[in-house]
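Each reported figure results from applying straightforward, stated rules to the coordinates on display, with no laboratory input. Not measured: the values here are computed from a predicted model. Here the Cβ positions follow ideal geometry from the backbone for every residue, glycine too, while neighbour counts run over all protein chains shown.
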Amino acid sequence: MKSGRNITVSAPAKIHLLGEHSSVYGKPAILTSVDLRLKVTISQGRTIPEELKKLQKLIDRIVKTELKLKKIPLYSLEISSDIPIGAGLGSSAAVSAAYVGALLTYLRVTWSLERIYRLGFKAEEVFHGNPSGGDLATVVFGGLIWFRRETPTLKLIQPLSFNISSKLTKRFVLINTGTPKESTRDLVAMVKELYTKKPKKVENFSNYQEKLVKELLTVIKEGNEKEFIRIIREGERNLESIGVVSKSSKEIIMKIEEAGGAAKICGAGGKAEATGVLLCYHKQKKVVENIAKAYSKNRYNLPYFSAKLGVEGVKLEKI
Ligand code: MEV
């Protein structure tokens, strides 16, 4: 099989507006892509950085099986990324999607987003054990996504035809609390264990999250600030009830709420210390930024930033 020359494919980050963890139990989630991108470059050569060798083996195996190839020609691999790792921003989904896209292009195989999703999901299963597939759907298809895992093999990925009202997005701030001690895999497994011991607790959590996610759909379209704050606060409290938000992050979130805003984890969260990125909202962004600054001076380093949402999913950058 003939290979291409110098291929770069990129994928964006994602955040959960709501529905993380409950989506593993078949409940809906609303996610959006975020304008931080990870890029995978494949070129002729044979240089694979040591830390990427395991990943290379996995993606090569998936693509080899898909294309029924005996072997994949040697290539050089580079990955660069603006997405903080393990911060709830879907960095592993972005790697899976962009890498599969780059390798297929290198092998001169045409791909559709559906094909990238199907193959990327095989990598996600190895990384996470039991992923819902929501992170990957968002980084592959981009935009604003309604996601639901109907059965382990059937996923509803519904790109929404509207944007989140700019009345809301212009007031979003993302605060990075740092990389959690636990991986997404650990946190999903922890909730599973809770489900085994206390099924009613996780069922109640999931049902409540489903109700909030459905309410959120019209609220983000219309830009209803009061309702948005209520839903984010209630959704966050509900996530706290299953133990995926650490004490230190609860404290920061409470400070933002006391100042009249709302905040929540936007991925798997964290139990011991950091919980990755927090999605924060306040009428005056400055209030959230000042809270982050005050913490950074006194206790934890809390960098904050704003980013464009609803950007394009996986895409070919260079061929
Ligand atoms: C992780 O970003 C979101 C979780 O719901 C896991 C998943 O959906 O696979 C915690």
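Structure data summary
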{"read-out": "Dimensionless Rg over Rh [the stretch 166-306; C-alpha; Kirkwood]", "value": "0.97"}
{"read-out": "In nm, spacing of pseudo-spin labels at Lys200 and Asp186 (7 Å Cα→C-beta vector)", "value": "3.1"}
{"read-out": "With Cα atoms, 0 to 90° folded angle of helix 113-128 axis to the chain main axis", "value": "70"}
{"read-out": "On Cα atoms only, tilt of 53-67 relative to the major axis of the chain in degrees", "value": "70"}
{"read-out": "Three-way shape label, the stretch 96-238, alpha-carbon gyration tensor, a/c 1.5", "value": "oblate"}
{"read-out": "Helix 199-222 axis, angle to the chain major axis (alpha carbon atoms, nearest 10°)", "value": "90"}
{"read-out": "Spin-label pair Arg5/Met254, simplified geometry with 7 Å Cα→Cβ offset, distance in nm", "value": "6.0"}
{"read-out": "Shape call, the stretch 174-229: gyration tensor on alpha carbons, a/c limit 1.5", "value": "oblate"}
{"read-out": "Calculated FRET efficiency for the pair Lys286/Lys221, C-beta based, R₀ 25 Å, to 0.05", "value": "0.40"}
{"read-out": "For the chain: relative contact order, % (alpha-carbon pairs under 8 angstrom, 6 or more apart)", "value": "26"}
{"read-out": "Dipole magnitude of the stretch 166-306, debye to nearest 20 (Cβ charges: Lys/Arg +1, Asp/Glu -1, about Cα centre)", "value": "180"}
{"read-out": "Candidates Val288, Val126, Val24, ranked by Gaussian network fluctuation over the chain, Cα under 10 Å, top entry", "value": "Val126"}
{"read-out": "Förster-model FRET efficiency, 45 Å R0, Arg230 and Lys71, C-beta, rounded to 0.05", "value": "0.20"}
{"read-out": "FRET efficiency, 1/(1 + (r/R0)^6) with R0 35 Å, evaluated for Arg118 and Gln44 via beta carbons", "value": "0.80"}
{"read-out": "Cα-projected label distance for Ile319 with Thr153, points at 7 Å along beta-carbon direction, nm", "value": "3.2"}
{"read-out": "Greater than 27 Å apart at Cα, pairs in Lys14/Lys122; Lys192/Lys293; Lys54/Lys181; Lys250/Lys297; Lys198/Lys271; Lys271/Lys315", "value": "Lys192/Lys293; Lys271/Lys315"}
{"read-out": "Computed [θ] at 222 nm, helices only, for the chain once each DSSP H run of length n ≥ 4 contributes -39500 (n - 2.57)", "value": "-14000 deg cm²/dmol"}
{"read-out": "Fully extended contour minus Cα-Cα distance, from Glu273 to Ser165, at 0.36 nm per residue", "value": "35.6 nm"}
{"read-out": "Given charges at Cβ of Lys, Arg, Asp, Glu: the chain dipole, positive-most of Asn163, Phe121, Leu194", "value": "Phe121"}
{"read-out": "Ranked Arg46, Arg148, criterion: other C-beta atoms within 10 Å, fewest first", "value": "Arg46, Arg148"}
{"read-out": "For the chain: Kirkwood Rh in Å [reciprocal of mean 1/r, alpha carbons]", "value": "19.9"}
{"read-out": "Selection from Ser23, Asn176, Val311 lying farthest towards where the dipole of the chain points positive, charges on Cβ", "value": "Val311"}
